[in-house]
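Read through the structure below, which is laid out as structure tokens, and then see the notes.
The values are calculated or read from the model by the stated rules, or taken from the named source; none is laboratory data. On a predicted model such as this, the values are computed, not experimentally measured, just so you know. Cβ sites come from the backbone with ideal geometry, for glycine too, and all protein chains shown count toward neighbours.
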Amino acid sequence: MAKIKIPFFVPHVRGGKTLHYWQPSQKLRALGWTPVRLSDDEATAIDQARARNAELEAWRAGQLAQASAAEAPPNASTGAPLAKRAIDKAAPGTLDELIRAYRQSTYWNELKPQTRRGYDQCLERLADWAGDAPRAAISPKRVADFYSIMRSGTPALAAAIVRVGSLLWSRGRLLGLVGDANPFAQQSLKGGGKSGLIWPRAAIDWIVATADALGRPSIGTAVLVNSWIGQRQADTLRLKRDLGAVGGRALRQRKTGSVAKLPVHLIPEVAARVELQLELNDAAADAAALPRSTALLIDERTGRPWQEDTFRHVFAEIRAAAAEALDGAELEIDWLRPGKDGDDPRAFKIALRELQFMHLRHTAVVYLAEANVDVLSIAAITGHSPKTCTQILDTYGVKTGRLAGEAFKRRLAHEAKGTDR
């Protein structure tokens, strides 16, 4: 296997276990960049190292105030600046002032808590990049350069930051702090929006089987259930034990507040899995003399509902173990990967380690469409807007081999009737 060469990515073998680190040079350490322990999962660690390198390059080449003492590099161990600016004392005319005004506005207070959390992460990156710079100095070209550097390591995050920057600017215009020209608008974004990967059905089976084998059946249950209902991770982890109730269970999405009533008892495979999960939950609770939880998905190590960060970490471990069991083999897909030419050897292949839990949301949309479910019905299940469902299907659904095959079958049946042409 070829050795992976990523700047500052250093694996150490200790006691038969490989630990991964991001270790900057002595010169960078003197400037405030500190080493950081990365994930034990190699694929995740590589992604983290690339993200750190992207931030380093953004700091090197993307600063508006070059060589400014106030622009300290981020602390690699926390992701926060070493000398974080006090945004509540932001200088007039700076990006920091705009961020502060937005966070104090009614526009911010009207956002859902989950949405604010995501926006906050992007706003912090923008503040680290150019918070103390004059807003007048932030041009489309500078934004494009910053985005280009960030995209090399974390494309989806880079796109999200630019989108939040555009929203920040539009709110700033309404607050009377900026003019009509938005430097974040009309950027050529790649990643985020329509990006993502559709899980092959075999991948779902591999993850479920691996989770069960490793004593983490709740991970497998989450994957199987969400391949049908397509919810956000946070909402999936909040599923109640009565999910399989006859008549359907009403789910309220935390981010949008929309409600979906999902009769999953109609899906034999999912209903059986939910019953199995409840039996395991109750047996574990009884053995530990704990009250039975109202949650469906329980962390097997704690006996309590999953925390989002812990779930994400354990899911990555299960995925890595499943990928190892495949011995590097890739799974076949019947849709062309974005950015690939049909002659590319990987145009119709996907590695298990590339799949993320959040990709199940788009996966459910595509699989429902393949079953000839209309867009409004799909939206009623996943909670997407009909427009978003259409965008997802524009990207994936109409291009899958299964959907094309079903279309041919319907036409053949029609032609067999001898319909007048």
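Annotations for the structure displayed:
- Some residue of segment 356-371 being under 30 Å from R238 (Cα atoms), over 24 Å from the mean Cα position of the chain (by Cα), among the small types (G, A, S) and not assigned by TED's automatic domain parsing to the domain that holds L38: yes
- Sub-7 Å Cβ pairs linking a first residue in segment 100-114 that is basic (K, R) to a second residue that is assigned to a helix (DSSP H, G or I), at least 6 apart or interchain, are R100/I87; R100/D88, ordered by first then second residue.
- Residue that is surrounded by the fewest Cβ atoms within 10 Å (Cβ to Cβ), among those in segment 350-374 that are under 21 Å from A316 (Cβ atoms) and charged (D, E, K, R): E354
- A residue that is in contact with a helix residue (DSSP H, G or I) (Cβ under 8 Å, 6 or more places away or on another chain), closer than 30 Å to T44 by Cα and modelled with pLDDT of 90 or more occurs nowhere in segment 145-160.
- Matching residues in segment 111-143 - criterion: being part of a helix (DSSP H, G or I) and in contact with a Ser or Thr (Cβ under 8 Å, 6 or more places away or on another chain): R135
- The criterion of being surrounded by 17 or more Cβ atoms within 10 Å (Cβ to Cβ) and either over 30 Å from D235 (Cα atoms) or at pLDDT 90 or above (or both) holds for R135.
- Scanning segment 264-275 for residues that are touching a residue at least 12 places away in the same chain (Cβ under 8 Å) and assigned to a helix (DSSP H, G or I) yields V264, H265, E269, V270, A271, R273, V274, E275.
- Candidate set: segment 170-192, residues that are free of Cβ contacts under 8 Å to residues at least 60 places away in the same chain and assigned to a helix (DSSP H, G or I); chosen: the one nearest to R116 (Cα to Cα): S170
- Condition check for S188: in the same structural domain as N53 (by TED's automatic domain parsing) and surrounded by fewer than 20 Cβ atoms within 10 Å (Cβ to Cβ): no
- Remark: pairs (first residue in segment 381-393, on the phi > 0 side of the Ramachandran plot; second residue at pLDDT below 80 and part of a loop (DSSP other than H, G, I, E, B); Cβ separation under 8 Å; 6+ apart in sequence or on different chains) = G383/Q253; G383/T256; G383/S258.
- Those residues of segment 276-289 which are surrounded by fewer than 12 Cβ atoms within 10 Å (Cβ to Cβ) and either touching a Gly at 6+ places or on another chain (Cβ under 8 Å) or in contact (Cβ under 8 Å) with a residue 40 or more places away in the chain (or both), in sequence order: A288
- The residues listed here are E317, E279, E269, E275; of these, the one that is modelled with pLDDT of 90 or more, of a type in the set (D, E) and closer than 13 Å to I219 by Cβ is E317.
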